[in-house]
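Reviewing the structure listed below.
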Amino acid sequence: MTTKIKNIFYRVNGNMGETIQFYEDVLGLSLQFNDRDQWAQFKLGDVTFALGGEEEVPDKLEANAVVTFEVENIEKMKTLLEEKGCWVSEIRDMGSHGSTCYFFDPATNIVQLYQK
């Protein structure tokens, strides 16, 4: 079961620091969390806008924008998606940050699942 949109993020192919500064200085966003060149997160109301570094999104998933849905049971959703014929990445355990995986929807959009 999907519970909410966790975040929407862009893949950053280049200078993460420069991109963070752009969103802070030009759009006035407040940086909530930054993990080196891997991830930068800004809180906007109930939704998080984030920047993912090149290592955050596998090369196979050449995407610029990704919607992340929070789910109750990522293993169960992965199995369901595979049963429906979707390509699904391996689940990535990020320790205290939760777990994620990616899949392609029928229109080949990249979607990320997240579980706390």
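The values are calculated or read from the model by the stated rules, or taken from the named source; none is laboratory data. On a predicted model such as this, the values are computed, not experimentally measured, just so you know. Ideal geometry is used to build each Cβ from the backbone, glycine not excepted, and the neighbour counts take in all protein chains shown.
Every residue, every condition in (1) touching a strand residue (DSSP E or B) at 6+ places or on another chain (Cβ under 6 Å); (2) surrounded by 15 or more Cβ atoms within 10 Å (Cβ to Cβ), yes or no:
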| site | (1), (2) |
| --- | --- |
| 4 | yes, no |
| 30 | no, no |
| 52 | yes, yes |
| 68 | yes, yes |
| 77 | yes, yes |
| 104 | no, yes |
| 112 | yes, yes |
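Here is a check on your reading of the model: is residue 54 under 17 Å from residue 8 (Cβ atoms) and not polar (S, T, N, Q)? It is false that residue 54 is under 17 Å from residue 8 (Cβ atoms) and not polar (S, T, N, Q). Pairing residues of the range 87-114 that are within 13 Å of residue 57 (Cα to Cα) and free of Cβ contacts under 8 Å to residues at least 24 places away in the same chain with residues that are among the polar types (S, T, N, Q) and assigned to a strand (DSSP E or B), at Cβ distances under 8 Å and at least 6 apart in sequence or on separate chains, gives 91/99; 91/100; 92/99; 92/100. Across the range 43-95, the qualifying residues are those that are at pLDDT 85 or above and among the acidic types (Asp, Glu), and the one among them that is nearest to residue 25 (Cα to Cα) is 70. Considering (1) part of a strand (DSSP E or B); (2) closer than 16 Å to residue 5 by Cα; (3) at pLDDT 90 or above, the lone condition that residue 40 does not fulfil carries the number (2).
Can you tell me how many residues within the range 84-109 are assigned to a loop (DSSP other than H, G, I, E, B) and either among the β-branched types (Val, Ile, Thr) or in contact with a helix residue (DSSP H, G or I) (Cβ under 6 Å, 6 or more places away or on another chain) (or both)? Write out each step before concluding.
First, the residues of the range 84-109 that are assigned to a loop (DSSP other than H, G, I, E, B): 84-87, 89-91, 94, 98, 105-109.
Subsequent filtering for residues that are either among the β-branched types (Val, Ile, Thr) or in contact with a helix residue (DSSP H, G or I) (Cβ under 6 Å, 6 or more places away or on another chain) (or both) retains 91, 108.
Counting residues in the range 84-109 that are assigned to a loop (DSSP other than H, G, I, E, B) and either among the β-branched types (Val, Ile, Thr) or in contact with a helix residue (DSSP H, G or I) (Cβ under 6 Å, 6 or more places away or on another chain) (or both) gives 2.
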